[in-house]
1. In the list K23, K16, K35, which residue meets the criterion of being crowded, with 16+ Cβ neighbours inside 10 Å and at pLDDT below 95?
2. Can you name the residue in region 63-80 that is small (G, A, S) and surrounded by fewer than 16 Cβ atoms within 10 Å (Cβ to Cβ) and is also farthest from P91 (Cα to Cα) among such residues?
3. Taking the conditions exactly as written (among the β-branched types (V, I, T) and either within 14 Å of the chain's Cα centre (by Cα) or surrounded by 12 or more Cβ atoms within 10 Å (Cβ to Cβ) (or both)), does I60 satisfy them or not?
Amino acid sequence: METQIITKDSLTEPHKNIECRLKLERISGWSDTVKQFAEYNAYISLDMIQTGKRMHDIFIKNGCNVKDIQNLLNLACPQSVYRWIKGQALPSIDNLYTLAKIFQVHIDDMLVSKDIDKI
């Protein structure tokens, strides 16, 4: 499947292709926030090291160590948690959701974006 990128300049060009017209109709229905995001052509990625540090800070603030997190999430070994706090890996969505519930924070509060200034 081929992906077409619709840029700001291509929106002003006349489109003969019905597929392009349908894409333009869909874009016109986007919210201003989505249009702004698309205009900047931004791709937000997570800063894994800063995310790991933030999660570690949350664990410490709540009096939990790596072994506690392992037990709370029923993990077979603590290595996963060590990889998270070192920024080598991220928790699964299930584990991230569970951690957010345990520590009563939003998932977004546990994650750090690399490109937050572009939006």
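The values are calculated or read from the model by the stated rules, or taken from the named source; none is laboratory data. These figures come from a predicted structure and were not determined experimentally. Counting neighbours? That spans all protein chains shown, and the Cβs are built from the backbone with ideal geometry, glycine included.
1. K23
2. The residue in question is G63.
3. Details: among the β-branched types (V, I, T): yes; either within 14 Å of the chain's Cα centre (by Cα) or surrounded by 12 or more Cβ atoms within 10 Å (Cβ to Cβ) (or both): no.
Taking the combined requirement at face value, the residue does not satisfy it.
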